[in-house]
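Single-structure report; data block below.
The values are calculated or read from the model by the stated rules, or taken from the named source; none is laboratory data. This one's a predicted model, so the numbers in the text were calculated from it and none came from an experiment. Note: ideal-geometry Cβ built from the backbone for every residue, glycine included; neighbour counts use all protein chains shown. The protein model used for the area step is the full one, side chains on, heavy atoms only, and it has no ligands, DNA or RNA in it. Shrake-Rupley method; radii C 1.70, N 1.55, O 1.52, S 1.80 Å.
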Amino acid sequence: MADLATDAVVDPANWTCPAPLRDQPVVVMGHGGGGALSAELIEQVFAPAYGNPTLAALTDSAVLDLAGTRLAFSTDSYVVRPLFFPGGSLGDLAVNGTVNDLAMSGARPAFLSTAFVLEEGVEISVVGRVAQAIGAAARAAGVTVATGDTKVVEAGHGDGVYVTTAGVGLVPDGVDIRPQRARPGDAVLVSGPIGLHGVAVMSVREGLEFGVEIASDTAPLAGLVAAMLAVTPDLHVLRDPTRGGLGASLNEIARASGTGVRLDERAVPVPDEVRSACGFLGLDPLYVANEGRLVAFVPAEHAEAVLAAMRSHPQGTGAARIGTCVADHPGMVVAATGLGGTRVVDLPLGEQLPRIC
């Protein structure tokens, strides 16, 4: 207990959350975690500054009508540490993350831009590995890296390599996918096991071993979405549960649509190695990041056919129905637990595992 009696000054700016920092006047790590602090930063700082109807939708990608053509447009920055991890790298995330944000609007991704921020002193070979990974991931996703930019900051003012990508894609006629379209009765589907990416990154970063190597699930999802749309164009909501995990995505959808979500926790596919790692570290798998999974809200009459199409695609072999959209408890996610009880799955304040993408 002697360590607790020191005169050290506690600096909230160094906390990573969850922590009650809503009145904190400086940016903290939790503001980048995809939870309540991220939402407040957007709602209180960025949305008022940029205010326009297109931005107000707050979707993974904006759908724009340009000269009669519907385009999806998205941008994302990637600051993962370490740069390379089992199953992927910064370069894979930079492509797949933006491709997947476009796909969540039903778009067929077409072109990307890349912007590198390099720290003085980083090895050129490291930059080359990231660039090679971007090129390979873009080819696998069927997109073209069409333009880019590079900036360098002084040593000590960066962390090796940061990458920002933006992307555009075409949205098919008759497709209207957005969180506001969730309806009571919709089936809630997930495309596969959750939590792999966050645990994979954490295991390398912290030097932890769990008996087996856990690999990131990073992958492009546009092909899976196309297979689902081939069953019906009337998919109501798609979301890739990255920062904040499945729990944050379900909360965002419930709040945007004014509906509730009833989740069957036993039906959520959590790999044994992820469950064990989370149990050891005191983490909830529902809040651990994914980079190659999607959650879908689908009209009940199409649920079985869409689920079958997902399971027939390489990126959806582990797809499962995990819940139902309900009229009860609007804006809330309530899970039925394996012990027969219920619990509220709230929107996390920050991120259990910061800088995982």
Item checked: Considering residues of region 90-113 that are crowded, with 24+ Cβ neighbours inside 10 Å and polar (S, T, N, Q) only, the residue farthest from Y162 (Cα to Cα) -> S105
Note to self: Any residue at all in region 195-205 that's modelled with pLDDT under 95 and open to solvent by 30 Å² or more (accessible area, probe 1.4 Å)?
What the structure shows: yes
Margin query: Given the options A39, A13, name the one that is assigned to a helix (DSSP H, G or I), open to solvent by less than 40 Å² (accessible area, probe 1.4 Å) and at pLDDT 65 or above.
Written below: A39
Note to self: I'd like to verify a number: residues in region 318-341 that are touching a residue at least 12 places away in the same chain (Cβ under 8 Å) and open to solvent by 20 Å² or more (accessible area, probe 1.4 Å), how many?
What the structure shows: 12
Item checked: Evaluation of L102 against (1) over 30 Å from L208 (Cα atoms); (2) at pLDDT 95 or above; (3) touching a Leu at 6+ places or on another chain (Cβ under 8 Å) (one fails), failing number -> (3)
Check: Do you know which of the residues in region 242-272 that are closer than 19 Å to P354 by Cβ and among the hydroxyl-bearing types (S, T, Y) is nearest to the chain's Cα centre (by Cα)?
Finding: T242
Note to self: Suppose we keep only residues that are open to solvent by less than 90 Å² (accessible area, probe 1.4 Å) and assigned to a helix (DSSP H, G or I) within region 49-73. Which one would you say is farthest from G167 (Cα to Cα)?
What the structure shows: A49
Note to self: Of the conditions (1) surrounded by 15 or more Cβ atoms within 10 Å (Cβ to Cβ); (2) modelled with pLDDT of 95 or more; (3) within 24 Å of V99 (Cβ to Cβ), A187 satisfies every one except a single condition; which number is it?
What the structure shows: (3)
Check: Is there any pair with a first residue in region 342-357 that is over 17 Å from P241 (Cβ atoms) and hydrophobic (A, V, I, L, M, F, W, C) and a second that is surrounded by fewer than 16 Cβ atoms within 10 Å (Cβ to Cβ) and modelled with pLDDT of 80 or more whose Cβ atoms are under 9 Å apart and which are 6 or more apart or on different chains, and what are they?
Finding: V344/H329
Next item on the list: Give just the number: which of (1) open to solvent by 20 Å² or more (accessible area, probe 1.4 Å); (2) in contact (Cβ under 8 Å) with a residue 60 or more places away in the chain does S216 not satisfy?
Entry: (1)
Note to self: Need the failing condition index for Q315 against (1) touching an Asp or Glu at 6+ places or on another chain (Cβ under 7 Å); (2) surrounded by fewer than 24 Cβ atoms within 10 Å (Cβ to Cβ), just the number.
What the structure shows: (1)
Next item on the list: Counting only residues that are open to solvent by less than 10 Å² (accessible area, probe 1.4 Å), give me the strands (runs of 3 or more DSSP E) lying completely in region 229-311 with at least 3 of them.
Entry: 260-264, 295-298
Check: Is it true that some residue in region 253-261 is within 24 Å of R311 (Cα to Cα) and not acidic (D, E)?
Finding: yes
Check: Under the condition of being open to solvent by 70 Å² or more (accessible area, probe 1.4 Å) and part of a helix (DSSP H, G or I), which residue from region 126-165 is farthest from S61 (Cα to Cα)?
Finding: R129
Next item on the list: Answer with yes or no whether L347 is closer than 21 Å to R178 by Cα, open to solvent by 20 Å² or more (accessible area, probe 1.4 Å), touching a helix residue (DSSP H, G or I) at 6+ places or on another chain (Cβ under 9 Å) and not in a helix (DSSP H, G or I).
Entry: yes
Next item on the list: Enumerate the pairs (first residue in region 274-287 and under 18 Å from V212 (Cα atoms); second residue anywhere and part of a helix (DSSP H, G or I) and open to solvent by 30 Å² or more (accessible area, probe 1.4 Å)) with beta-carbon separation below 7 Å, excluding pairs fewer than 6 apart on the same chain, so at least 6 apart or on different chains.
Entry: P285/R275
